[in-house]
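Each remark here refers to the structure printed beneath this line.
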Amino acid sequence: MKSFRDQRRDSRQHQNAKPRAAQAAQRDSRPEPQRVAAKAEERQQPKPEPRILARREGLLPAERLPLILEVAPNADYALLDSGSGEKLEQYGPYRIIRPEGQAIWQRALPAKEWDRADAVFTGDTDEEGMGRWRFPKSPLGETWPMKHNGIDYLGRFTSFRHVGVFPEQASHWDHMAGLIENARRPVKVLNLFGYTGLASLVAARAGAEVTHVDASKKAIGWARENQEIARLADKPIRWIVEDAMKFAEREERRGSRYDIILFDPPAYGRGPKGEVWQLFEHLPALTDICRSILTPKPLAVVLTAYSIRASFFAIHALMRDTFAGMGGRIESGELIIREKSAGRALSTSLFSRWVAQ
């Protein structure tokens, strides 16, 4: 999943670190005594014992791969064009230009179409690089109203070129909503690294009881705001500011169980108390915990990975081994967005999901 797209989750105020660049900047800006004290405190904290992992016994789940899940242009969002290292998108009322390292081809639309953009991200083109927004026509506010399949939420111009939603995830959201509605029983959903809450709102609207976990207090605040705007304040959603791994471990000790688990970890990050997350080091343990906190009749576990140098075969093998003996099927592949201008596919991330049926 390479630098698979700018969506490295905004400052990514998203658990364990989508904030990594933002948090690093914040740490560096602190007075020297505070930085020294913080590092000393971190060194004094006892390191948790690593989880002992063993290969699961039992038949491996069936498999389906490669599975390419596609989002086509619609009234709420469209990838209008891409090329020359950038992409031109339509988010509700606004036409936006952002860097896109994968767009190594040439633009299909003429320059006059790109010149109609309402907002252009400028600055560092690294996945987590900071920058600013330029507004060619007139200054725009920080937020603007958006909609996904009838759910209202806020788009937001952030200093990390993200806008608070990752449209390609709609394929997973639709799949999850169908599972919840067809279950015809109470369903509990755990959304780890939940960011600004669109997946949680989709699950709640479909009838699930949702637990949403993110390490960023700011992201949780944004998610709560989206719940109000979506008129879903009466739906059962727990918003929790917490390190995803710590929360999952605690749920395992408590005996808490979930029917559907979503987790979308960053390649690297830090939790609210300085907890370090390294995807290749910690993902196997978190995946193992996710299996252990499923209900006796679970529905699905969905793993998405951004910005990593790996093939989806890697996470496919991890998921298939982890869910040995569970039956069901492991489906793995890529999430893509279909371009409107020339019909090219822009790959955004890798995924692997276990489904009971």
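Readers should treat all values here as calculations from the given coordinates under stated rules, not as data from a laboratory. Keep in mind it's a predicted model, so treat the numbers as computed, not measured. Ideal geometry is used to build each Cβ from the backbone, glycine not excepted, and the neighbour counts take in all protein chains shown.
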Restricting the count to DSSP beta bridges whose residues both fall in the range 210-293, what percent are antiparallel, rounded to a multiple of 5?
40
Round to the nearest 0.05 the FRET efficiency obtained for GLU209 and ASN149 when R0 = 25 Å and r is the Cβ-Cβ distance.
0.75
Burial ranking of peptide ranges 220-226, 103-109 (average Cβ count within 10 Å, highest at the top)
220-226, 103-109
Taking neighbour counts of Cβ atoms within 10 Å as a proxy for exposure, in what order, fewest first, do THR348, THR196, THR143 appear?
THR143, THR348, THR196
When the label point is put 7 Å from the Cα of LEU53 along its Cα-to-beta-carbon vector, which residues of the range 273-294 have a backbone N closer than 18 Å?
276-294
Rounded to whole Å, give me the distance from the Cα center of the range 169-241 to that of the range 304-337.
22
Return the Rg/Rh ratio of the range 225-357 with Cα-based radii and a Kirkwood Rh.
1.00
At GLU142 and PHE280, where each label point lies 7 Å from the Cα along Cα→Cβ, what is the point-to-point distance in nanometres?
3.7
Extension gain (nm, one decimal) between PHE313 and LYS217, 0.36 nm per residue minus Cα-Cα:
31.2 nm
Rounded to whole Hz and in sequence order, give me ³J(HN,Hα) for the range 260-275 from the Karplus expression 6.51 cos²θ - 1.76 cosθ + 1.60, θ = phi - 60°, writing x for Gly and Pro.
9, 10, 10, 9, 10, x, x, 5, 8, x, 10, x, x, 10, x, 4
Over 15 Å apart: what share of the alpha carbon pairs of the range 77-156 falls there, rounded to a whole percent?
60
With Cβ to Cβ distances under 13 Å as the rule, what net charge do the other residues near PRO296 carry (K, R +1; D, E -1)?
+4
If the label point sits 7 Å along Cα→Cβ of GLU225, residues of the range 128-150 with amide N under 13 Å come out as 141-146
Interchain or long-range residues, amide H under 5 Å from LEU262's placed H:
LEU190, ASN191, LEU192, VAL302
Mean projection area, nm², convex hull over Cα of the range 158-263
6.8
Describe numerically, in nm with one decimal, the distance between label points set 7 Å from Cα along Cα→Cβ at ARG132 and at ALA345.
4.0
